[in-house]
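The values are calculated or read from the model by the stated rules, or taken from the named source; none is laboratory data. These numbers come from a predicted model, not from an experiment. Here the Cβ is made from the backbone with ideal geometry for all residues, glycine too, and neighbour counts use every protein chain on show. All accessible areas refer to the heavy atoms of the entire protein, side chains included, with ligands and DNA or RNA removed. Shrake-Rupley method; radii C 1.70, N 1.55, O 1.52, S 1.80 Å.
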Amino acid sequence: MTERSVTYRSHLPVSAAEALAWHGREGAFERLSPPWSRVRVIEARGTMHPGDSKRVKIAFGPLTTEWQITHEALPAGIGFLDRQVSGPFAAWTHEHRFEDDPAGGSWLEDRITYALPLQPAGNIAKGRVEAELNRTFAYRHQVTRHDLAAHARHAGSASKRIAITGATGLVGSRLVPFLRIGGHTVHRIVRTRTGASDEITWDPTRGSIDHEALEGFDAVIHLAGASIAGGRWSDERKRAILESRVKGTALLSDALSRLQRPPAVLVSTSAVGYYGDRGDEVLTEASTSGDGFLAEVCREWEANAAPASRSGIRVVHPRFGVVLAGEGGLLAQLARPFRLGLGGRIGDGRHYLAWIAIDDLLAVLLEAVMNESLEGPVNTVAPVSVTNAAFTQSLAATLHRPAVVPLPKVAAKLAFGEMADELLLVSQRAEPARLQATGFTFSYPTIDAALRHELDPEPLHAG
């Protein structure tokens, strides 16, 4: 059996002991799984201590396989080791090593030793396997540095009990492990109970919510709402988009306002759709609302949080730009034709896109919870909006594909109807004025950096 080893090493802004503890917190495995890898934890026992284990399901194209790993202590040094019990490799060990840097901070080193099955024929796949390892560990190290920095901004503050609606959606599924790995306790407000101990039930359609279970939380983050980009806008679809936000926000806000121990803050999301189509006008939180269906939705959405605000709860409305996430949302839909070499600008490409990398979005939501100076609307967008033409060129370069098949405006309207005008052709040059006033730092301030992180990270040096 031929074994190979690769090592990935990068610097962290915390001590080795802190970095080790970070990797052992609840949510670490999920948080460090790249968006392009379809990995699901089936069963977990403990975190990283000797004898702890995980059983996960991994998808490779149309095929799925289970992978069981157990954790062991390293023979020397600070860290731990994962060893495959059963899975896709003939053998696999992953050493997580942490070493203090005399100049400050520490070094994170991931050392992978593996053997492929079906040797010698299996070695043909070695190049593909190591390319995927390079990509994966570049992503993992970037996320580790980002999360440590985001939570360090609030070092010294007490950990929070936080309840979240929409916890299984695109943003929520990343937010839950992000908060847990930072030491916060998270409960999910769900429509259907699975029996998990972290669940609180509600049903916005029927107007029911478990009031008693909401008592005593420090913060509530409200993300739930029907997908805006989930399909062509029929009258029924538009009604679902509006009512899911209005009814859910009204129910939650009213319930929180009546609690004996209400949260200090409600973070109730909104969107830059509030501003409508504004050409090249620079939009801050002080800008007026615009025209169109999404502007109406956002106004109603925000207005229905009023009961919480009137009762003394601090209410923050993060107005999301287009959230760039590799596993879903608008980016995943746009990336498909580009991967086939069929991508290009939409319309004349001169309209502005207000966007934000999803990992920066998570840090903004944490900021909204922790920073008592934030209240009301907060533009949750990157510092620089880009034109559709610039976005198109960056996406094509990231995916190593051409951008030579434009989608004319008339074709976009024929294909997507009203949704094309309000999502694909709308121009919103929003700026995060309130965030910048707090000194908030974006990890992915440019479109190139954001797309590379989500779709094709720059590989680390593998030794």
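Quick notes
- Subset of segment 100-118 (residues that are crowded, with 17+ Cβ neighbours inside 10 Å, under 21 Å from LEU148 (Cβ atoms) and either of a type in the set (D, E, K, R) or out of contact with any Leu (no Cβ under 7 Å at 6 or more places or on another chain) (or both)): GLU109, ASP110, ARG111
- Residues of segment 337-346 include at least one that is open to solvent by 20 Å² or more (accessible area, probe 1.4 Å), among the charged types (D, E, K, R) and in contact (Cβ under 8 Å) with a residue 12 or more places away in the chain.
- Of all residues in segment 54-74, those satisfying the criterion of being open to solvent by 40 Å² or more (accessible area, probe 1.4 Å) and part of a loop (DSSP other than H, G, I, E, B) are GLY61, PRO62.
- Residue that is open to solvent by less than 40 Å² (accessible area, probe 1.4 Å), out of contact with any strand residue (DSSP E or B) (no Cβ under 8 Å at 6 or more places or on another chain) and under 22 Å from HIS211 (Cα atoms), where the choices are SER257, SER289: SER257
- Taking (1) of a type in the set (A, V, I, L, M, F, W, C); (2) at pLDDT below 95; (3) open to solvent by 60 Å² or more (accessible area, probe 1.4 Å) in turn, VAL85 satisfies each apart from (2).
- Residue identified as under 23 Å from the mean Cα position of the chain (by Cα), surrounded by fewer than 18 Cβ atoms within 10 Å (Cβ to Cβ) and β-branched (Val, Ile, Thr) among VAL322, VAL384: VAL384
- Residue satisfying all of: in segment 421-433; modelled with pLDDT of 95 or more and not in a loop (DSSP other than H, G, I, E, B); surrounded by the fewest Cβ atoms within 10 Å (Cβ to Cβ) among these: ALA433
- Checklist (1) in contact with a Lys or Arg (Cβ under 6 Å, 6 or more places away or on another chain); (2) open to solvent by less than 10 Å² (accessible area, probe 1.4 Å); (3) over 19 Å from ALA264 (Cα atoms) applied to LEU175, failing item: (1)
- On the stretch given as segment 15-53, residues that are in a loop (DSSP other than H, G, I, E, B), on the phi < 0 side of the Ramachandran plot and within 23 Å of the chain's Cα centre (by Cα) total 10.
- Test: residue in segment 294-314 that is open to solvent by less than 10 Å² (accessible area, probe 1.4 Å) and in contact with a Pro (Cβ under 9 Å, 6 or more places away or on another chain): yes
- Residues that are of a type outside the set (A, V, I, L, M), touching a Lys or Arg at 6+ places or on another chain (Cβ under 7 Å) and open to solvent by 20 Å² or more (accessible area, probe 1.4 Å), drawn from segment 387-420: THR387, ARG401, PRO406, PHE416
- Near pairs, Cβ below 7 angstrom, 6+ apart or cross-chain, from segment 309-325 (touching a residue at least 60 places away in the same chain (Cβ under 8 Å)) to any residue that is aromatic (Phe, Trp, Tyr) and open to solvent by less than 30 Å² (accessible area, probe 1.4 Å): GLY321/TRP355; LEU324/TRP355
- Test: residue in segment 434-448 that is in contact with a helix residue (DSSP H, G or I) (Cβ under 9 Å, 6 or more places away or on another chain), part of a helix (DSSP H, G or I) and within 22 Å of LEU331 (Cα to Cα): yes
- Of the numbered criteria (1) acidic (Asp, Glu); (2) in contact (Cβ under 8 Å) with a residue 24 or more places away in the chain; (3) surrounded by 15 or more Cβ atoms within 10 Å (Cβ to Cβ), the one GLU199 fails is (2).
- A single entry from ALA163, ALA150 fulfils the requirement of being among the small types (Gly, Ala, Ser) and assigned to a helix (DSSP H, G or I): ALA150.
- Some residue of segment 1-11 being touching a strand residue (DSSP E or B) at 6+ places or on another chain (Cβ under 6 Å), closer than 23 Å to GLN119 by Cβ and without any contact (Cβ under 8 Å) to a residue 40 or more places away in the chain: no
- Residue within segment 348-357 that is within 13 Å of PHE440 (Cβ to Cβ) and in contact with a Pro (Cβ under 9 Å, 6 or more places away or on another chain) present: yes
- Figure legend. Inter-residue proximity from segment 233-251: first residues modelled with pLDDT of 95 or more, second residues buried (at least 17 other Cβ atoms within 10 Å of the Cβ) and among the polar types (S, T, N, Q), beta-carbon distance below 8 Å, spacing 6+ or different chains. Indicated pairs: ARG245/ASN304; VAL246/ASN304; GLY248/THR165; THR249/SER268; THR249/ASN304; ALA250/ASN304.
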